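Enquirer: First, the structure itself, so that you have it in front of you.
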Amino acid sequence: MRLSTKGRYGVKAMFDLALHYGEGPVSLSHISARQDISLSYLEQLFGSLRKEGLITSSRGAQGGYELKKPPDQITVGAVLNILEGTLAPVACVSKGHSQHCAKSGECVTRRVWESIHQSVTDVVEGITLQDMVKDHLNLQPIKSPSEGASS
């Protein structure tokens with residue numbers, strides 16, 4: 001399974017909103033610069049995310065985008081499902097797929113695809129935007145008191 005740029009960039013952009021959660025609206029131009037994503041591409045992604053209720057927008061000089069819910073209530077899976085659609089490796093195991101192939105009852109590989117799909121779903125639904133923020137903050141170098149002092 002391979003994610004498209006929609007999914008990868010969408011998660012990066014939503015992480016940026018989570019990182020600035022509670023600070024007010026964030027402009028797309030700031031997200032674009034910080035995450036190195038084209039502004040026009042962000043506009044497309046944010047249209048879908050806003051339509052599906054993950055973010056809100058406000059207009060004006062101080063306008064921009066904000067998460068509609070706290071970062072600990074939005075999973076990576078929610079973002080990916082909006083932007084990528086199903087994360088199933090094959091169509092026959094995707095949610096809502098009502099038609100099985102003629103050999104589905106005897107298909108040994110179907111169990112493999114179901115296991116892959118369940119594993120991926122468990123991972124992406126188990127990671128929130130807040131988890132990503134925590135990971136980011138833990139990656140930041142910690143300056144010792146002596147680093148700021150001059151000798």
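Enquirer: Being surrounded by fewer than 10 Cβ atoms within 10 Å (Cβ to Cβ), of a type outside the set (Val, Ile, Thr) and modelled with pLDDT of 90 or more: is that true of Leu137 here?
Expert: So Leu137 passes the test.
Enquirer: Within segment 101-134, count every residue that is crowded, with 17+ Cβ neighbours inside 10 Å and touching a strand residue (DSSP E or B) at 6+ places or on another chain (Cβ under 9 Å).
Expert: Result for segment 101-134: 3.
Enquirer: I've got another one for you. Cβ-Cβ below 8 Å, separation at least six or inter-chain, first residue in segment 115-141 and of a type in the set (Val, Ile, Thr), second exposed (fewer than 15 other Cβ atoms within 10 Å of the Cβ) and at pLDDT 95 or above: which pairs?
Expert: Final answer for the pair search is Thr128/Asp72; Thr128/Gln73.
Enquirer: Follow-up question, since we're still on this one. Would you check which residues across segment 10-51 are in contact with a Ser or Thr (Cβ under 9 Å, 6 or more places away or on another chain), part of a helix (DSSP H, G or I) and surrounded by 14 or more Cβ atoms within 10 Å (Cβ to Cβ) and list them?
Expert: Selection gives Gly10, Ala13, Ala18, Ser32, Tyr41, Leu42, Phe46, Arg50.
Enquirer: May I pose another question? Here is a check on your reading of the model: is Ala61 farther than 25 Å from Leu139 by Cα, outside any helix (DSSP H, G or I) and touching a helix residue (DSSP H, G or I) at 6+ places or on another chain (Cβ under 6 Å)?
Expert: Details: farther than 25 Å from Leu139 by Cα: yes; outside any helix (DSSP H, G or I): yes; touching a helix residue (DSSP H, G or I) at 6+ places or on another chain (Cβ under 6 Å): no.
No, not satisfied.
The values are calculated or read from the model by the stated rules, or taken from the named source; none is laboratory data. Quick caveat: nothing in here was measured; it's all calculated off a predicted structure. Because the Cβ atoms are built from the backbone with ideal geometry, glycine has one as well, and the counts that use them run over all protein chains shown.
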